[in-house]
Amino acid sequence: MGEAPAFFIDDLQRGYSNGFDLNSKGPQTVTVVGDKSYVIVGSDDELKSSIGVQIYDKSTGKSVSLTVLGTKPKPCQGHSAVLLNDDRILIIKKNSSPDDCLWFLEVDTKFVREQKQILGTEVVAWSKGVIGDTEKPIVISGPSGVGKGTLISKLMKEFPSMFGFSVSHTTRAPREKETDGVHYHFTYKSVMEKEIKDGKFLEFASVHGNLYGTSIEAVEVVADAGKRCILDIDVQGARSVRASSLEAIFIFICPPSIQELENRLRERGTESDEQIKKRVHNAAAELEQGKSPDLFAHILENDDLEKCYINLKKLLGLDGGAPATHKSTLETVHLPADHAVSKIGHKILIASETQEREKASKNLIVLDVSSLKGGAPGRTRGLRLYAADKFSDGINGI
């Protein structure tokens, strides 16, 4: 990795730059994957909004026009780059905060390949690296009046620190007393359409000319806060989430019968007879789709609310109470501000460049990348970070 090799700079100076900034003073790394060289520029310019990426194709002798997707990392004064499995590059930023030091540039993951076909251009995608795992989000669907809202409210009340809702996006104007980022993320239609095209939304729908949807980022923010995200969406939305890269638990809540559902709707006394008939008609179609084994892994019948709630908790492993939470190892292990890296199998060894060699091994940090989960356009989770005294294999050979 390190600085760009001489042949690379020479080729660019012979007229193949096509957008490369050869005068950039920012730290650069070059990672070669097949015929392509991925140039990542840290940038020392505070006006830059993110780390820069360029691709140089050795087979054609030209730089490649590309689309960069995902949430982009902020500029840094230095970084290390390590290729993992030929499909993503791990970026370790120097002099960065613990929650901003690990990033992935995906170059040939499933998401990247899909976006290449959609956009018809070369694509790379950024994904923020997160230490540890998170519980899978929960998708709960069911026809109107089945009681899923009540079940979710009971879950949130009993386990307030465990669960959270994602904040949806909408293109409609905010109503009185609605706050951006609390009730909805209010946005422009053109912006949301662009983000939908870029694969940033799990599900979306057009209602009365306005777009509504759940972004991947909104779900990830709940997980970043240490909570398990609950998505209360219709069957169509659940199908969209199932087709996305998000790994979730899909639960369908159904009534004991259509007639019982209609009775509940009428007992609420909030809708006209015509509206109730429409909901019952839609519910019949949703119940048919809810039986599909390739969509919902679990079906709970809400004949008795308390019994259904007990079954829901059992399904989520909460029948014995809330499980203990696990703190991130970043609270106790910090990366050295100025470091060098090496790779042994699925372990990335991070050592300080400023310490004496005999002292460095005592402060060596190990980053385990063997259990990565998720990825762009969301987070890459499953990283393990610990001191080298917990990892002996290969240390003596460094």
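Quick notes
- Flag for Ile118 being open to solvent by less than 10 Å² (accessible area, probe 1.4 Å) and in contact (Cβ under 8 Å) with a residue 12 or more places away in the chain: no
- Here the condition is being in contact with a helix residue (DSSP H, G or I) (Cβ under 7 Å, 6 or more places away or on another chain) and hydrophobic (A, V, I, L, M, F, W, C); of Val107, Val68, Val82, Val123, it holds for Val123 alone.
- Any hit, the stretch 165-175, residues being closer than 30 Å to Pro256 by Cβ and not hydroxyl-bearing (Ser, Thr, Tyr): yes
- In the stretch 271-284, the residues that are exposed (fewer than 14 other Cβ atoms within 10 Å of the Cβ) and touching a helix residue (DSSP H, G or I) at 6+ places or on another chain (Cβ under 8 Å): Ala284
- Screening Met1 against (1) among the hydrophobic types (A, V, I, L, M, F, W, C); (2) modelled with pLDDT of 55 or more; (3) within 24 Å of Val369 (Cα to Cα) leaves a single unmet condition, (2).
- Test: residue in the stretch 368-382 that is within 22 Å of Ser80 (Cβ to Cβ), modelled with pLDDT of 70 or more, part of a loop (DSSP other than H, G, I, E, B) and of a type in the set (Asp, Glu): no
- Taking the stretch 118-135 as the range and being of a type in the set (A, V, I, L, M, F, W, C) and either farther than 19 Å from Glu217 by Cα or assigned to a helix (DSSP H, G or I) (or both) as the test, the residues that pass are Ile118, Leu119, Val123.
- Scanning the stretch 228-275 for residues that are β-branched (Val, Ile, Thr) and within 14 Å of Val146 (Cβ to Cβ) gives Ile233, Val235, Ile251, Ile253, Ile258.
- Only one of the numbered conditions (1) more than 17 Å from Ile92 (Cβ to Cβ); (2) assigned to a loop (DSSP other than H, G, I, E, B); (3) open to solvent by less than 100 Å² (accessible area, probe 1.4 Å); (4) modelled with pLDDT under 90 is not met by Phe296, and that is (4).
- Lys48 passes every criterion in (1) crowded, with 16+ Cβ neighbours inside 10 Å; (2) modelled with pLDDT under 90 apart from (1).
- Boolean, Lys136 is buried (at least 18 other Cβ atoms within 10 Å of the Cβ), closer than 29 Å to Leu305 by Cα and either among the basic types (Lys, Arg) or at pLDDT 95 or above (or both): no
- Every listed requirement among (1) open to solvent by less than 60 Å² (accessible area, probe 1.4 Å); (2) over 25 Å from Gly374 (Cα atoms); (3) free of Cβ contacts under 8 Å to residues at least 24 places away in the same chain; (4) basic (Lys, Arg) is met by Lys157 save one, (1).
- Complete set of residues in the stretch 162-179 that are open to solvent by 40 Å² or more (accessible area, probe 1.4 Å) and either in contact with a strand residue (DSSP E or B) (Cβ under 9 Å, 6 or more places away or on another chain) or among the aromatic types (Phe, Trp, Tyr) (or both): Phe165, Ala173, Pro174, Glu178
- Just so you know, in the stretch 303-317 the residues that are assigned to a loop (DSSP other than H, G, I, E, B) and under 26 Å from the mean Cα position of the chain (by Cα) include one that is surrounded by the most Cβ atoms within 10 Å (Cβ to Cβ), and it is Leu316.
- Unmet requirement for Gly149, which otherwise passes all of (1) among the small types (Gly, Ala, Ser); (2) at pLDDT 90 or above; (3) closer than 30 Å to Lys307 by Cα; (4) in a helix (DSSP H, G or I): (2)
The values are calculated or read from the model by the stated rules, or taken from the named source; none is laboratory data. Just so it is clear, the structure is predicted and the values come from calculations on it, not from any experiment. Don't worry about glycine lacking a Cβ; one is built from the backbone with ideal geometry, like all the others, and counts go over all protein chains shown. Accessible surface is based on the protein model in full, side chains and every heavy atom, while ligands, DNA and RNA are left aside. Shrake-Rupley method; radii C 1.70, N 1.55, O 1.52, S 1.80 Å.
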